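Remarks on the structure that follows.
The values are calculated or read from the model by the stated rules, or taken from the named source; none is laboratory data. Since the model is a prediction, treat every value here as computed from it, not as a measurement. In this analysis, Cβ positions are derived from the backbone assuming ideal geometry, glycine residues included, and neighbour counts consider all displayed protein chains.
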Amino acid sequence: ARKYVFRKQFDGFPKESDLELVEEELPPVKDGEFLAEAIYLSVDPYMRAYAPRLSLGTTFIGSQVAKVVESKNPKYPVGKHVVGEFGWRTHTISDGKDGIFPVLNPEGLPLSLSLGVLGMPGNTAYFGLLEICQPKAGETVVVSGAAGAVGSIVGQIAKIKGCTVIGIAGTDEKGKWLVEELQFDRFINYKDKDFEKELKEATPKGVDCYFDNVGGEISNAVMERMNQYGRISVCGAISGYNSGGDVKVGMVQLFVVSKQLKMEGFVVRRWTDRWFEGIEQNKKWIKEGKMRYRETMTEGFDNMFKAFVDMLKGGNVGKAVVKA
Ligand code: NDP
């Protein structure tokens, strides 16, 4: 068995030497336990955001789709697939109690989707948009981080709800996918020097709902375009995760007051008791051809770190996943 141990607190972008890939010998499986082998592992922005709260010397955090390969727990027979918060490790002994979800029968869809559209990121999009923004048909919805795991689903749900959708992301290739395949109405590249002008042109009726994955200057620009009584779902702030606390102060509060906005942050675990509602609905939309997904798959457990940093730098389209 192998695992990545958190050795050094990240300073700016994570460095490979901050984690150590080690071999470990696992003890025998005891009564009530099972041994699971990783098939797909997730790399997510929250790993960077939560790192300051992790203890050095522990296994680095993360979810994986794993297969039970040995079992002394009748609830988890050999061959069963689970989504577990086991961290960056190839093999895990678990008692099945904490942080484990069954993999919903994917019905011909890839198992890895349990880490993306049919898992935590899909639910983040589903609940974070519908519960917090409550978009109505005809409204204008802007989503930042639009070509990522969460953002690409947010925009498609907003389209299903009859909204005009504008996606913001960092490469034109991502934009082409959003507009041509996912039916977003418009794409804006935040790296363009005329970003703010383009945003203004793209939102002639202002913005009613903003799903914010990035924070920082991109969000300041969107806030300025908000309509009265607009709603903002604050999902993440990846623009600041690698900046070592050097976050630029924006004019957000000014707009929240003058436009009487409703701005609410959330953690997707809030909807744990409705977890399968989100997954089932996203699956239904996929089956009906109303929702598409992409994955950026990296081969090999040895490449976990590379996949993680590539994702933080925007190398992924859709969900970033590692195949063990
Ligand atoms: P993504 O698949 O969107 O991957 C991260 C993306 O962030 C990159 O592809 C990159 O795309 C973009 N990015 C990187 N740096 C910057 C920057 N400086 N400014 C703008 N964009 C940047 O990740 P997820 O979909 O998994 O997560 C998206 C957000 O949602 C994150 O902020 C995450 O923390 C948050 N989240 C929150 C949850 C919650 O419960 N509140 C749950 C899950 C996720 P690009 O090419 O566009 O730059």
Please go through segment 15-44 and give me each residue that is in a strand (DSSP E or B) and of a type in the set (S, T, N, Q), ordered by number. Ser42
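In the list Met311, Met263, which residue meets the criterion of being more than 25 Å from Asp98 (Cβ to Cβ), within 14 Å of the ligand (Cβ to nearest atom) and touching a helix residue (DSSP H, G or I) at 6+ places or on another chain (Cβ under 6 Å)?
Working: Met311 fails: touching a helix residue (DSSP H, G or I) at 6+ places or on another chain (Cβ under 6 Å).
Met263 is the lone residue from the list that is more than 25 Å from Asp98 (Cβ to Cβ), within 14 Å of the ligand (Cβ to nearest atom) and touching a helix residue (DSSP H, G or I) at 6+ places or on another chain (Cβ under 6 Å).
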Anything in segment 126-140 that is within 16 Å of the ligand (Cβ to nearest atom) and in contact (Cβ under 8 Å) with a residue 40 or more places away in the chain? List them, or say none. Tyr126, Phe127, Gly128, Leu129, Glu131, Ile132, Cys133
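Collect the residues in segment 188-232 that are among the small types (Gly, Ala, Ser) and within 9 Å of the ligand (Cβ to nearest atom), keeping them in residue-number order.
Gly215, Gly216
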Say we look at segment 141-181 and pick out the residues that are surrounded by fewer than 22 Cβ atoms within 10 Å (Cβ to Cβ), in a loop (DSSP other than H, G, I, E, B) and at negative phi; which of these is farthest from the ligand (Cβ to nearest atom)? Lys161
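Pick out the one residue from Lys290, Lys284 that is within 19 Å of Gly155 (Cα to Cα) and part of a helix (DSSP H, G or I). Outline the logic, then answer.
Numbers: Lys290 fails: part of a helix (DSSP H, G or I).
Step by step, each of Lys290, Lys284 is checked, and only Lys284 is within 19 Å of Gly155 (Cα to Cα) and part of a helix (DSSP H, G or I).
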Kindly indicate whether Lys197 is of a type in the set (D, E, K, R), out of contact with any Phe, Trp or Tyr (no Cβ under 9 Å at 6 or more places or on another chain), assigned to a loop (DSSP other than H, G, I, E, B) and surrounded by fewer than 17 Cβ atoms within 10 Å (Cβ to Cβ). no
Answer yes or no: is there a residue in segment 72-91 that is among the hydrophobic types (A, V, I, L, M, F, W, C) and touching a residue at least 60 places away in the same chain (Cβ under 8 Å). yes
Is at least one residue of segment 271-280 more than 8 Å from the ligand (Cβ to nearest atom), in contact (Cβ under 8 Å) with a residue 24 or more places away in the chain, surrounded by fewer than 16 Cβ atoms within 10 Å (Cβ to Cβ) and among the aromatic types (Phe, Trp, Tyr)? yes
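Taking the conditions exactly as written (in contact with a Pro (Cβ under 7 Å, 6 or more places away or on another chain), in a helix (DSSP H, G or I) and not assigned by TED's automatic domain parsing to the domain that holds Glu299), does Leu129 satisfy them or not?
Values: in contact with a Pro (Cβ under 7 Å, 6 or more places away or on another chain): yes; in a helix (DSSP H, G or I): yes; not assigned by TED's automatic domain parsing to the domain that holds Glu299: yes.
Yes: the conditions hold for Leu129.
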